[in-house]
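Student: One structure follows; several queries about it will come next.
The values are calculated or read from the model by the stated rules, or taken from the named source; none is laboratory data. None of the values given here were measured: they were computed from a predicted structure. We place every Cβ from the backbone using ideal geometry, glycine too, and count neighbours over all the protein chains shown.
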Amino acid sequence: MSTESSSRGARKVRKGVVVSRMGAKSVKVAVSYRERHPMYGKVVTRTKNYHVHDEADTAKVGDTVTIMETRPMSATKRWRIVADAK
């Protein structure tokens, strides 16, 4: 897993779990992160779902994958799978 060259800018990388297969070469990946609640101070876990392009079409529900920001692939897909984190 390598980041793109600096001339194209730094691309965001996330690690998450495949929660749904949406069709040919498309999956939904849930990325969890922890943050402090702004008022109460308690650390809470938040989850964000990303629509991801899976060129190899090999990701299955439950797989842990690494995703990277990319050019728009469709109306909602802005991320692609770069590695399976097994």
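Student: If M73 passes every condition in (1) exposed (fewer than 11 other Cβ atoms within 10 Å of the Cβ); (2) assigned to a loop (DSSP other than H, G, I, E, B) but one, which one does it miss?
Tutor: With (1) exposed (fewer than 11 other Cβ atoms within 10 Å of the Cβ); (2) assigned to a loop (DSSP other than H, G, I, E, B) applied to M73, the lone miss is (1).
Student: Based on what the data block shows, is T76 polar (S, T, N, Q), out of contact with any Pro (no Cβ under 9 Å at 6 or more places or on another chain) and farther than 24 Å from A10 by Cα?
Tutor: Criteria not met by T76.
Student: Kindly list, by first and then second residue, each pair from a residue in the stretch 32-49 that is farther than 18 Å from V18 by Cβ to a residue that is of a type in the set (S, T, N, Q) and assigned to a strand (DSSP E or B), limited to pairs with Cβ atoms under 8 Å and residues at least 6 apart or on different chains.
Tutor: R34/T45; T45/S32; R46/S32
Student: Right, next: Scanning for something modelled with pLDDT under 95 and either touching a helix residue (DSSP H, G or I) at 6+ places or on another chain (Cβ under 6 Å) or assigned to a strand (DSSP E or B) (or both), does the stretch 36-46 turn up at least one residue?
Tutor: No, the stretch 36-46 contains no residue that is modelled with pLDDT under 95 and either touching a helix residue (DSSP H, G or I) at 6+ places or on another chain (Cβ under 6 Å) or assigned to a strand (DSSP E or B) (or both).
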